[in-house]
Amino acid sequence: MNETAVLFGQDSPLLGIVGRPDCPTEPGDLPAVVFLNAGAVPRTGPNRVYVKLARKLTADGFLTLRFDFAGTGDSPGRPGETSLKATCLAGTHEAIDFMATTLDADRIILVGICLGADLALETAYEDPRVVGVVMINGYFLPDNADPEATAYLAKASGGRGYRKSMFSLRSWKRLLTGQTDLRSLWRFLVAKLKGPSARERDVLKTMASREKWLRLTERGVDLLLVYSERDRSLDTYMMTLKGVVESLASTGRITVSIVEGADHLFTMPSHRDTFMHRVRQWVVENRSA
Amino acid sequence: MTQEPFYFGEASRRLFGIYHPPEGPAGTGAGVVLCYPIGQARMRAPETFARWAAKLAAAGLHVLRFDYLGCGDSAGDEEQWGISQWLADTAAAIEELKDGCGLHRIGLAGVRLGASLAMLTGAERKDVNAMVLWDPVLNGRQYIQELLAVHREQLGEAGQSPIASAKGGMDSGVLGFSFSDRFVGELDSLDLRRRGGEAAGDLLLIESDTPGPAGDTAFRHRLAKTDVRLRYLKNNDMPDPTVWTTKSYEQVPTKVLASAVSWCAEVLL
């Protein structure tokens with residue numbers, strides 16, 4: 001294992017771990033891989049998945065960095081922070097700057113789960129050094145999302161979980177013993193029976209920015225979307241982003257992978273292994289991005 | 001907050017640690033090694049441990065918090081998880097802090113299984129002057145059942161059925177981590193009520209707001225046979241020890257933390 005602890009960035013430095021391949025390639029041969037916090041989860045990733053994945057990619061020859069945004073994990077908060085998103089985006093840019101100036105890595109693949117996925121997409125759009133993006137269970141909703149459409153999404157997502165639960169004795173036991181969130185279940189059923197209004201349907205279709213995804217594919221950025229089958233983000237994808245992705249299928253730049261049976265954080269080791277295998281395979285196959 | 005992340009230990013099993021230098025005069029000669037819990041509790045601990053370390057350093061103590069083999073950013077994986085290994089890692093952390101900073105007084109402070117490791121380590125060594133045991137795991141077999149109960153609850157909501165038994169294969173893992181049969185066996189054998197060694201020095205026992213170690217007769221009798229000077233603190237901010245495994249990342253028991261820091265400064269400086 002060839003890992004080094006680093007502090008980088010301005011003022012209150014961010015803490016990260018750099019993984020160096022044992023047989024380093026020439027700078028520029030392979031893109032480096034940078035992992036973004038999954039929300040409040042520290043840089044090791046949910047159930048240490050970033051550590052495992054980073055080490056596998058390092059063994060494949062990739063330089064890697066996993067780090068904590070300011071105010072997350074072991075990175076101290078910074079005074080005068082404006083918003084969580086702004087703080088995280090700033091941290092991501094600092095990480096990319098650090099990779100470029102200190103490690104001569106100016107081609108980056110970003111990997112992010114949940115909020116990290118949204119941030120990875122946003123950063124890729126802003127920073128031409130990002131050549132690949134792996135987005136896991138992201139929502140990609142705009143900051144100024146229509147409140148009615150957002151409310152419909154909140155009620156109507158989670159369907160896979162409920163449908164699978166219909167075949168689970170354990171879930172029926174929970175329902176019959178009052179452990180199920182009946183209000184959520186009721187709202188879901190009503191939302192599904194009623195369906196979105198015409199207005200909500202139109203708004204849902206425009207929630208994903210086709211322009212953003214088009215610009216990225218035109219720039220040659222490769223994009224991998226990974227979803228857990230049981231996660232609400234997949235339902236959100238189906239209702240908002242799927243049409244955009246399908247309309248860009250001819251670019252050959254966007255891949256969608258669904259991990260069957262998995263929950264939001266890939267709690268079961270088998271699901272975690274499947275997820276890591278697919279990400280690793282995609283990164284290796286896209287090394288010439 | 002000043003912190004220095006680094007790797008230490010044998011080349012084949014590097015351990016990750018973060019050193020916090022003391023504020024004020026550097027010549028206090030005393031320090032504390034912080035021992036993390038494991039698994040999900042470890043994932044949710046950084047905010048608490050970062051503040052704990054910063055406050056101890058502000059009080060004038062050298063501080064090292066570190067990851068055991070197979071945990072956090074240290075080398076290895078769940079296959080290397082083991083009580084014996086982690087006791088060796090804790091000893092290595094003590095040596096790293098003592099030798100690196102020239103210390104003559106050392107404290108160990110841990111949460112959950114980290115507290116158990118601290119107690120076992122303190123009992124084996126003559127140079128641990130103080131221990132903070134925060135919700136220590138007294139019985140490994142009960143601890144496994146506690147984790148499995150939380151595991152079933154969380155996966156049950158997704159309609160998934162985890163393995164119920166603690167031995168013979170935990171194919172669904174335990175809250176996202178794989179528990180090998182060997183590790184389960186070591187946990188199963190852990191019982192601080194029977195094995196606590198000959199701990200000495202000062203001991204602060206913190207327990208969450210349910211009957212815990214302080215209410216365990218066998219454990220109290222065990223402690224009574226040692227030379228520890230015991231102080232007890234109730235954590236009214238947390239309903240029970242399992243909260244360490246399920247709490248939000250930002251939740252920090254600030255009041256108890258402040259009391260623990262004051263106690264460390266009082267007995268070590």
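Values as computed for the structure displayed
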item	result
Amide H within-cut-off set for B:V174, under 5 Å, with H built and near neighbours excluded	B:F179
From phi via Karplus (6.51, -1.76, 1.60), per-residue ³J(HN,Hα) for segment A:48-57 in Hz, x at Gly/Pro	6, 5, 5, 4, 5, 5, 4, 5, 5, 5
Accessible surface of segment B:14-103 [probe 1.4 Å, protein heavy atoms]: carbon and sulfur percent	48 percent
Value of relative contact order over segment B:1-82, rounded to a whole percent, pairs C-alpha under 8 Å and six or more apart	36 percent
FRET efficiency for B:L230 and A:N2, using Cβ-Cβ distance with R0 set to 56 Å, rounded to 0.05	0.80
Out-of-range pairs (alpha-carbon distance over 25 Å; input A:K52/B:K98; B:K126/B:K225; A:K85/B:K247)	A:K52/B:K98
D (Stokes-Einstein, µm²/s), Kirkwood Cα radius, segment A:29-102, 1.306 mPa s at 10 °C	122 µm²/s
Portion, in percent, of the accessible area of segment A:38-150 that falls on carbon or sulfur, probe 1.4 Å	57 percent
Backbone N within segment B:205-225 under 19 Å of label point (7 Å from B:A149 Cα along the Cβ vector)	B:207-217
In Hz, Karplus ³J(HN,Hα) per residue of segment B:4-18 (6.51, -1.76, 1.60; θ = phi - 60°; x = Gly, Pro)	10, x, 6, 10, 9, x, 4, 4, 7, 8, 5, 10, 8, x, 10
Placed amide H near B:V32: partners under 5 Å, 5+ positions off or other chain	B:H62, B:V63, B:L64, B:G107
Proximal aspartates and glutamates to A:K212, defined as alpha-carbon separation beneath 15 angstrom and excluding residues fewer than eight positions away on the same chain	A:D118, A:E122, A:E126, A:D127, A:D143, A:D222, A:E246
With eigenvalues of the C-alpha gyration tensor scaled by 5 and rooted, segment A:210-268, Å	24, 12, 8
Net lengthening on full extension, B:S262/B:D77 (0.36 nm per residue, minus Cα-Cα)	63.0 nm
Sequence-separation-based contact order of chain B, relative, with Cα cut under 8 Å and 6+ spacing, percent	21 percent
Kirkwood Rh in Å, taken over segment B:34-131 so that all alpha-carbon pairs contribute	13.6 Å
For B:M131, residues with placed amide H under 5 Å, excluding near neighbours	B:L108, B:D202, B:L203, B:L204
For chain B, the fraction of alpha-carbon pairs in successive 5 Å shells from zero, as %	1, 6, 13, 18, 20, 18, 13, 7, 3, 1, 0, 0
Total accessible surface hidden between A and B, rounded to 100 Å², 1.4 Å probe	3000 Å²
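The values are calculated or read from the model by the stated rules, or taken from the named source; none is laboratory data. Source: prediction; values computed, not measured. Positions of Cβ are generated from backbone atoms using ideal geometry, with glycine treated the same way; all protein chains shown enter the neighbour counts. With ligands, DNA and RNA removed, areas are computed over all heavy atoms of the protein, side chains included. Shrake-Rupley method; radii C 1.70, N 1.55, O 1.52, S 1.80 Å.
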